[in-house]
Every structure is written in C-alpha cells, then in structure tokens.
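Submitted below is the structure of interest, expressed as structure tokens.
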C-alpha cells in the first residue's frame, strides 16, 4: 500500500477559507513534506470513481476543511479513507481575530501567513504519522 | 460576453488542467453576472445550487478526460449548454501544460485564450437576432448536378440532420434552416409558416412549414430548444429561402436545451454532403 499520507483539502470555491485550505495543502505536499505526503483531488473523490477510491481506501488521510460543512472529511470517509486528522481552517483563523485574509480568489499577506501556519500544523501531523 | 451562466468547473486539485478549470471559472464569475457552482459542495448539499443550475444555462469546465464536472452534471440531470475541456483546449492551441500545479505564463495564456473564445462566441449569439449585424463567415462547398448547384457550409459550427435541415450553433443558441437540397427540390417557395415564439421544440420536431407549388414540407428541427426568434421577413418574402437558405433564408432561432445530447444524432458537413449528393443522384436517376 502507498504509505504517503493523503492530504485532502475541501477545495472550496467561493469562500476565502476554502482557498486557504487548498493553498495550505499545496504548500504542505509540495514544499514541506513532498516525500511523505501527497494530495488527492476531492472533486474526483466525490465522483466515486474506482481508480481514485483505490488510491485512498485504507490510507491515512488528513483532511483540511474551510468551513463547518466539512466536505473533505465527510467525503474522504465515505470513499474509504482513514481520516487520522480533521483540520479546520477556522480553528487557526480564530487565533487571528480581526484580520482579513483576502478574497475567495486571492489571498493577501495575512492570508499567506496563516496558510503557512496551517501548513506547519499539517506537516507536524504528517511527521508524527510517518 | 459570457453572462448569466451557471459555471460548473471540475475544480480539480491534483492536475494542472484542473487548477486551470478553477481559475477559468473564477475569472468568468468576476465582475459579471455568472454564478459558480462548487462541485464538491453540490454533491453534499444540492439545494444550494439547484435553483441556479435549474434557471441558468450551464457552462461546464472539465480539466481532463476524467470529466468529473460533466459526470456531476449528468448525475444531477442538468442540461449542459456549453462545455470546455482544458486538456483539449491546450492541445488545440499547442500549449503544453506542466505537471506543476502553479500557473505560469503558458497556463495563464491559455486561460485568456479560452476566455476570449467564450466571450467572442457569446458576442456572436447576441448578434444573432440583429440581422444587420450577423456575420456568418460560412465557407461553402458546392456540388453541381445538371443546371442545379447545391451549396453546403462546411463550418464546424454547422450541424445537419438527414432531413436536410441545418443548425448553426453558437453558445447555447442555434439558428436553423433548410439546406439547398430542400429549396432546389421545392422550387419556388410561396409560403412560410413560422413556429410560435416560445414554443418548446423537441429534436426532430416540427419547427414550421414551407410550401411551394410542388409540395408542402415540415421543417424538422435538428436541435431541441425554445424558439426565441423567427425570421419574420420570410412571411412576406419566402423566396429568400430559394435565394440563400443559409443566411437570409434562416427559419428560427432556438435557445438550446440539450445540445450535448442532440449532437449525438446530428451529422457534420462531410457526412451530410455525401448524403445530399446521393439523394440528388438518386432523384435524377
């Protein structure tokens, strides 16, 4: 079985927190932990396609959700992934009261800074697992 | 300008083409009246998007051949008005997509090209109903049998059925009419009965009648949709169909309801031209 931890963001479109989830995951899997983690496309997972199901079934997964709907966590579980950590962008955002992070299409400097923080948290979890 | 669409991108994450689909969707929804549909959220909470998807024409943007967005549209029984597949567009424009997920010069250039193409197509649609501004740019291929000359446009946007009717499709609209084969066979056309504006027409349903001294025929619509405009000039001057059945002699305009489905039963220039030639030869022994 593929031992890389699967890190799946909600891929939200239309809200800044969805964009932050996506960007934090990309930073993690491409910059911080490229050897130990990879991402899987949630939009593909929800199609129920056999190929993508096989990719996450029984694998350790970290989900990163932008809002309380928890699309990533719910759908990864449905597809058979083992969600070892459910991360919520809002948990980190709450630590930055009063800040604005950009728009649903573009993060500002504060947004970039917070996604680095979230990415560090994800990386820490990956290193604990592997 | 692409406006008032519901835009459903695959919103892909793990391929460059998917990231482009997302960026393209976002750009389409910036500053104009389009609404984006999140493919992931749509699956878990469809009520949020059902209203948008039901009321507006749907533009689907797939990143790759997995076609996640198209599959979702099919699953929700949505009718697709326009469709873009990023990998196909890249190939058509000789742009090589990288494996990296960050968009650089090539990828951004492709987004701009697709945006321009989509907007240009829409601009043609808005010109449809203003006859003075219609630019067809039809490229005709001709076939002669005795003294009769048959012209057929070979443009890829023109589709045909075997009932000798054509549909010129731009965006989510089509202008329809009959081919030279019909007008040559009918000879002098004397009457035109248009369809009702607002009528819902099935594919291969009747969309008006034309009559000559020789015969009366139903016009068989190549596409399904709602009649949004008719060529009123033809009521007074049906002979325009004889003069030029593809331009001045157009019959009606339809807002398409299921073009992706209709397309499966339509034929392009190459096949129609062969069918028409055979019909002409059979008629003339």
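The values are calculated or read from the model by the stated rules, or taken from the named source; none is laboratory data. Owing to the predicted nature of the structure, the values given are computational and were not obtained by experimental measurement. No Cβ is skipped: glycine too gets one built from the backbone with ideal geometry, and neighbour counts run over all protein chains shown.
Can you tell me which residue is modelled with the lowest pLDDT among those in segment A:44-68 that are surrounded by fewer than 18 Cβ atoms within 10 Å (Cβ to Cβ) and not in a helix (DSSP H, G or I)?
The selected residue is A:68.
Of the residues A:29, A:76, A:84, which single one is in a strand (DSSP E or B), touching a strand residue (DSSP E or B) at 6+ places or on another chain (Cβ under 9 Å) and under 25 Å from residue B:44 (Cβ atoms)? I'd like the intermediate steps shown before the answer.
Numbers: A:29 fails: in a strand (DSSP E or B); A:76 fails: in a strand (DSSP E or B).
After ruling out the rest, the residue left standing is A:84.
Counting only residues that are more than 7 Å from every other protein chain (Cβ to nearest Cβ), surrounded by fewer than 23 Cβ atoms within 10 Å (Cβ to Cβ) and in contact with a helix residue (DSSP H, G or I) (Cβ under 9 Å, 6 or more places away or on another chain), how many does segment A:5-16 have?
Residues that pass the stated criteria total 1.
Could you tell me how many of the residues in segment A:32-43 are in a helix (DSSP H, G or I) and at the interface with another protein chain (Cβ under 7 Å from one of its Cβ atoms)?
Here is the first cut: in segment A:32-43, the ones in a helix (DSSP H, G or I) are A:32, A:42-43.
From the residues that got through so far, the ones that are at the interface with another protein chain (Cβ under 7 Å from one of its Cβ atoms) too are A:42-43.
The total comes to 2.
Still on this model: Would you check if residue A:93 is part of a strand (DSSP E or B) and surrounded by 15 or more Cβ atoms within 10 Å (Cβ to Cβ)? Before you say what the answer is, go through the steps one by one.
Working: part of a strand (DSSP E or B): no; surrounded by 15 or more Cβ atoms within 10 Å (Cβ to Cβ): yes.
It is false that residue A:93 is part of a strand (DSSP E or B) and surrounded by 15 or more Cβ atoms within 10 Å (Cβ to Cβ).
Only one of these is touching a strand residue (DSSP E or B) at 6+ places or on another chain (Cβ under 8 Å), crowded, with 23+ Cβ neighbours inside 10 Å, over 11 Å from residue B:167 (Cβ atoms) and in the same structural domain as residue B:186 (by TED's automatic domain parsing): B:241, B:251, B:230. Name it. Write out each step before concluding.
Details: B:251 fails: over 11 Å from residue B:167 (Cβ atoms); B:230 fails: crowded, with 23+ Cβ neighbours inside 10 Å.
Of B:241, B:251, B:230, the one residue that is touching a strand residue (DSSP E or B) at 6+ places or on another chain (Cβ under 8 Å), crowded, with 23+ Cβ neighbours inside 10 Å, over 11 Å from residue B:167 (Cβ atoms) and in the same structural domain as residue B:186 (by TED's automatic domain parsing) is B:241.
Residue by residue, here is whether (1) facing chain A (nearest Cβ under 8 Å); (2) farther than 19 Å from residue B:80 by Cβ; (3) modelled with pLDDT of 90 or more; (4) over 22 Å from the mean Cα position of the chain (by Cα) holds:
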site	(1), (2), (3), (4)
B:22	yes, no, yes, yes
B:25	yes, no, yes, no
B:43	yes, no, no, yes
B:47	no, yes, no, yes
B:56	no, no, no, no
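Only one of (1) crowded, with 21+ Cβ neighbours inside 10 Å; (2) more than 9 Å from every other protein chain (Cβ to nearest Cβ); (3) more than 19 Å from residue B:15 (Cβ to Cβ); (4) at pLDDT below 95 fails for residue A:71. Which number is that?
(2)
Something else now. Tally up the residues in segment B:34-92 that are on the phi > 0 side of the Ramachandran plot and in a helix (DSSP H, G or I), please. Steps first, please.
Our first condition is that a residue be on the phi > 0 side of the Ramachandran plot; within segment B:34-92, this holds for B:67, B:77.
This time we only want the ones that are in a helix (DSSP H, G or I), so: none.
Residues meeting the conditions: 0.
Looking at A:63, A:47, which is the one that is within 14 Å of chain B (Cβ to nearest Cβ) and touching a strand residue (DSSP E or B) at 6+ places or on another chain (Cβ under 6 Å)?
Details: A:47 fails: touching a strand residue (DSSP E or B) at 6+ places or on another chain (Cβ under 6 Å).
Going through A:63, A:47 in turn, just one is within 14 Å of chain B (Cβ to nearest Cβ) and touching a strand residue (DSSP E or B) at 6+ places or on another chain (Cβ under 6 Å): A:63.
Here's another thing I want to ask about it. Condition first: within 16 Å of residue B:63 (Cα to Cα), modelled with pLDDT of 85 or more and surrounded by 14 or more Cβ atoms within 10 Å (Cβ to Cβ). Now tell me which residues in segment B:103-117 satisfy that. Working first, answer last.
Taking segment B:103-117 and keeping what is within 16 Å of residue B:63 (Cα to Cα), we get B:103, B:106-115.
With modelled with pLDDT of 85 or more added as a condition, the list becomes B:106-115.
Within segment B:103-117, B:106, B:107, B:110, B:111, B:113, B:114, B:115 meet the criteria.
Further, regarding this structure: Let me confirm something: among A:124, A:100, which residue is more than 14 Å from chain B (Cβ to nearest Cβ) and over 25 Å from residue B:22 (Cβ atoms)?
Numbers: A:100 fails: over 25 Å from residue B:22 (Cβ atoms).
Criteria check complete, one pass: A:124.
Of the numbered conditions (1) at pLDDT below 95; (2) closer than 30 Å to residue B:34 by Cα; (3) surrounded by 22 or more Cβ atoms within 10 Å (Cβ to Cβ), residue B:176 fails exactly one; give the number of that condition.
All conditions pass for residue B:176, except number (1).
Could you list, in sequence order, all residues of segment B:144-197 that are in a helix (DSSP H, G or I) and in contact with a strand residue (DSSP E or B) (Cβ under 8 Å, 6 or more places away or on another chain)? Quick ask: steps written out before the conclusion?
Within segment B:144-197, the subset in a helix (DSSP H, G or I) is B:180-186.
Result: B:180, B:181, B:182, B:183, B:184, B:186.
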